[in-house]
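Since the structure comes first, as structure tokens, the remarks are kept for the end.
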Amino acid sequence: MLKKIICFLFIPFCAYANNCVEYKKIPEINILKPVYKTSVASSNEPMDKFHANVVATLVEDYDIAVDIFSSDGGFCVVLKSVDALIGYNDFSIKIDGSHQPNSCEYNAILNHEKKHIDAYLSVIDDLETDIKNSVFNSANSVMPIFVSSRDEIEFAIGDINQKMSEHSESILMKQKINAAMEIRNKRIDQNEDNHELKLCL
């Protein structure tokens, strides 16, 4: 009984929403990589003298373009294209404070951490096709949204952006990136014998 009442109450809205389906488009996808920056600082707290810490910031940002179509009683907001900015835009390296900047050991540790940064960047390069497919699938799943006034168009655009970010394909994409990154980071550390650093100590 409850379901029947709900459907009865929302019949006008459902009819308007269905009118928008005909405007559905296959969205164009463009994948962009952020410009990254690296900062290096000495830690005030004791650290492993043979290693530093790298904190990497993963960006996922969708700049979407929509088409607006007049429909009975309102407008249809249709996703047209997506410029997806995905990748790492910030790397923060902390090195044990006992190593003086520009010293032999400081530079040796910094060189090691730069290998990790290269690994972060290479993961995004290697997964470029998977990333594009994930963005396309999440974007293509978003159906046109009906709004009753022009004032609601911006809210619809925000809703589209949220739907893409929370889509299972977007979540899986980030999981793939993180998993690949973990493997590469471990491989770098396992293959590192600290030879360059040991020559300084």
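The values are calculated or read from the model by the stated rules, or taken from the named source; none is laboratory data. These numbers come from a predicted model, not from an experiment. Here Cβ is always computed from backbone atoms with ideal geometry, including for glycine, and neighbour counts include all displayed protein chains.
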Cross-chain or 6+ apart pairs with Cβ under 8 Å, the stretch 175-199 first and surrounded by fewer than 11 Cβ atoms within 10 Å (Cβ to Cβ), then of a type outside the set (Lys, Arg): LEU199/CYS104; LEU199/ALA108
Helices (runs of 4 or more DSSP H) fully within the stretch 151-201 counting 1 or more residues that are of a type in the set (Gly, Ala, Ser): 153-166, 168-191
Some residue of the stretch 113-120 being under 30 Å from PHE75 (Cβ atoms), out of contact with any Leu (no Cβ under 9 Å at 6 or more places or on another chain) and part of a helix (DSSP H, G or I): no
Matching entry among SER70, SER81, SER42 (being over 14 Å from the mean Cα position of the chain (by Cα), farther than 22 Å from MET181 by Cα and without any contact (Cβ under 8 Å) to a residue 40 or more places away in the chain): SER70
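Per-residue answers, yes or no, for (1) on the phi > 0 side of the Ramachandran plot; (2) at pLDDT 95 or above:
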site: ASN133; (1), (2): no, yes
site: ASN140; (1), (2): no, yes
site: SER168; (1), (2): no, yes
site: ALA179; (1), (2): no, yes
site: ASN194; (1), (2): yes, no
site: LYS198; (1), (2): no, no
site: LEU201; (1), (2): no, no
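Conditions tested, residue by residue: (1) under 30 Å from ILE68 (Cβ atoms); (2) in contact (Cβ under 8 Å) with a residue 40 or more places away in the chain; (3) buried (at least 20 other Cβ atoms within 10 Å of the Cβ); (4) of a type in the set (A, V, I, L, M, F, W, C).
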| site | (1), (2), (3), (4) |
| --- | --- |
| LYS94 | no, yes, no, no |
| CYS104 | no, yes, no, yes |
| LYS115 | no, yes, no, no |
| ASP125 | no, no, no, no |
| ILE131 | yes, yes, yes, yes |
| PHE136 | yes, yes, no, yes |
| ASP151 | yes, no, no, no |
| PHE155 | yes, no, no, yes |
| ILE160 | yes, yes, yes, yes |
Check on SER170, in contact with a strand residue (DSSP E or B) (Cβ under 8 Å, 6 or more places away or on another chain), in contact (Cβ under 8 Å) with a residue 60 or more places away in the chain and surrounded by 15 or more Cβ atoms within 10 Å (Cβ to Cβ): yes
Number of the condition not met by LYS132 [criteria: (1) farther than 21 Å from GLU192 by Cβ; (2) assigned to a strand (DSSP E or B)]: (2)
Residues being farther than 16 Å from VAL147 by Cβ, modelled with pLDDT of 90 or more and of a type in the set (Phe, Trp, Tyr) - total across the stretch 1-43: 1
Selection status of SER149, under 30 Å from GLN162 (Cβ atoms) and of a type in the set (Gly, Ala, Ser): yes
